[in-house]
1. Select, from Y202, Y217, the only residue that is under 30 Å from P309 (Cβ atoms) and at pLDDT below 90.
2. Could you check T148 against (1) among the β-branched types (V, I, T); (2) open to solvent by 50 Å² or more (accessible area, probe 1.4 Å); (3) modelled with pLDDT of 85 or more and say which number it fails?
3. Quick one: in the range 266-288, which of the residues that are within 23 Å of Q63 (Cβ to Cβ) and of a type in the set (D, E, K, R) is least open to solvent (accessible area, probe 1.4 Å)?
4. In the range 80-94, which residues are under 23 Å from A308 (Cα atoms), of a type outside the set (V, I, T) and over 29 Å from the mean Cα position of the chain (by Cα)?
5. Suppose we keep only residues that are farther than 11 Å from A93 by Cα and surrounded by 15 or more Cβ atoms within 10 Å (Cβ to Cβ) within the range 198-207. Which one would you say is farthest from the chain's Cα centre (by Cα)?
6. Scan the range 324-377 for residues that are small (G, A, S), open to solvent by less than 10 Å² (accessible area, probe 1.4 Å) and under 19 Å from E396 (Cα atoms) and jot them down.
7. Pull out all pairs, ordered by first then second residue, where Cβ-Cβ is under 6 Å, the residues are six or more apart or on different chains, the first lies in the range 380-394 and is touching a residue at least 40 places away in the same chain (Cβ under 8 Å) and part of a strand (DSSP E or B), and the second is open to solvent by less than 50 Å² (accessible area, probe 1.4 Å) and not aromatic (F, W, Y).
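The values are calculated or read from the model by the stated rules, or taken from the named source; none is laboratory data. Keep in mind that what you see is a predicted model, and the values were worked out from it rather than measured. Counting neighbours? That spans all protein chains shown, and the Cβs are built from the backbone with ideal geometry, glycine included. SASA here: full protein model, heavy atoms, side chains in, ligands and nucleic acids out. Shrake-Rupley method; radii C 1.70, N 1.55, O 1.52, S 1.80 Å.
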Amino acid sequence: MSLYLSGRWLRFAILLASGPALAGCHATKSPSEISLPAAAVSRVGYASLSNHLEVAGEFLPFQEVEIHAKVAGYIRKIYVDIGDHVHTGQLLAVLDVPEMTAQVEGAQAGVQRSQEEILRAHSAVARAEADHAALHAAAQRLQQASATRPGLIAQQELDDAQAKDMSSGAQVEVAKSELSAMEQALGAAQAEHRQYASLADYSHITSPFDGIVTWRYADTGALLQAGTSNAGSMPVLKVAQVNVLRLRLPVPEALAQYVRIGDEAKIHVQANGQELTGKVVRTTGELDLSTRSLQVEIDVPNGDGKLAPGMYADVTLDIERSADGLTVPIEAVDRSSTSPFVLVVDDKKRIEKRAVKLGMETPNLIEVVEGLHEGERVVVANLTSFHPGEAVDARETAGRSIATNASNGER
């Protein structure tokens, strides 16, 4: 009996000793704290943002032209074929234009005839001046003799001498006028000769720039029409400049405003896997009405000839940048209403709804221009589950560090 009672008292003593410890297990959190809903939050911080545009572009020749004949004629000789490299001024083809040769010779004969007529006109002026000088001197002598001895010379004779003097002077002016007309005729004849000579020079077709022959339309003996008088005339050759290529990109309307001359570009050539870099050098400045896109060009050197017109490339453009702005994860912003807002957890662990003004956006981060301060905590998940004034258990996530490191986004 005594042993039984001793066991009961022993168990009672053990329960008394363990009672405070068991009670302490439930004293770490109050009932109100245990019932607070958990809210994933992220700190507002500064980050550098940039947006990228990925678009496919096509390589085009820097220059490309179809070369037509200026004058009609037969091809006497063509010196190049497709794939041949040509240089500025290099002779590509020669046309046979027999009538043009006759016209040049006729114009040359007209120049020589005008020159001979000018020589005759010079002689006529000299003769007229000599006749005038003689008649003028005779008239002067008669006038002097009549003045010395009045009545010695009849008035009729004086009048005749004076008339001949004036007539010879007029003949000098006529001869000079004819000489001037002959000189003008010579100028016209020389201009006509230069015209035909220039047209004759067009029978020699030359390259306008350094490049490569990309197509040949005609062969020896083919009859060509003058390109200036016939809209449907056949070209002789097509020449393209390929030592530098244009990489043309269509930028969508929504992003056209962000593209600037000098923007950096990363280029991946699909055909050969080349990785290149370049810069935007020109834009059309207006949208293509059919595609609603802005045409952007990058000049790509191609001295080694590894690139060819018509190849496609994947281009990444760094089109928008923001240096050190206040940012939050994009999930923290609610834009379901007319004004965007975020849910801020204040120092009392209560939700505060705060309107914000947004700036630049990437897939991970969004810039907040107004409404937040560095270090504040914003809810980044299940925004619709919370309401202003509600107490929450704020739990910071790794989103801030991850988002900050991923500040370079892509569109």
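1. Result of the check over Y202, Y217: Y202.
2. (3)
3. Taking the candidates together, the pick is D288.
4. Of the range 80-94, the ones under 23 Å from A308 (Cα atoms) are 80-88, 90, 92.
Narrowing further to those that are of a type outside the set (V, I, T): 81, 83-85, 87, 90, 92.
Across the range 80-94, the qualifying residues are D81, L92.
5. The initial filter retains those residues of the range 198-207 that are farther than 11 Å from A93 by Cα, namely 198-201.
Add one more test, that the residue is surrounded by 15 or more Cβ atoms within 10 Å (Cβ to Cβ), and what stays is 199-200.
Values: L199: 35, A200: 37 Å.
It comes out as A200.
6. Let us first name the residues in the range 324-377 that are small (G, A, S), namely 325, 332, 336-337, 339, 355, 359, 371, 375.
Filter once more, so that each one left must be open to solvent by less than 10 Å² (accessible area, probe 1.4 Å): 325, 332.
Listed by number, the list holds a single entry, A332.
7. Sorted first by the residue in the range 380-394, then by its partner, the pairs are A394/A39; A394/V41; A394/V345; A394/R377.
Yes or no, residue by residue, for (1) surrounded by fewer than 18 Cβ atoms within 10 Å (Cβ to Cβ); (2) modelled with pLDDT of 90 or more; (3) within 30 Å of Q190 (Cα to Cα):
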| residue | (1), (2), (3) |
| --- | --- |
| S6 | yes, no, no |
| G24 | yes, no, no |
| S50 | yes, no, no |
| F62 | no, yes, no |
| V65 | yes, yes, no |
| R76 | yes, yes, yes |
| V94 | yes, yes, yes |
| A102 | yes, no, yes |
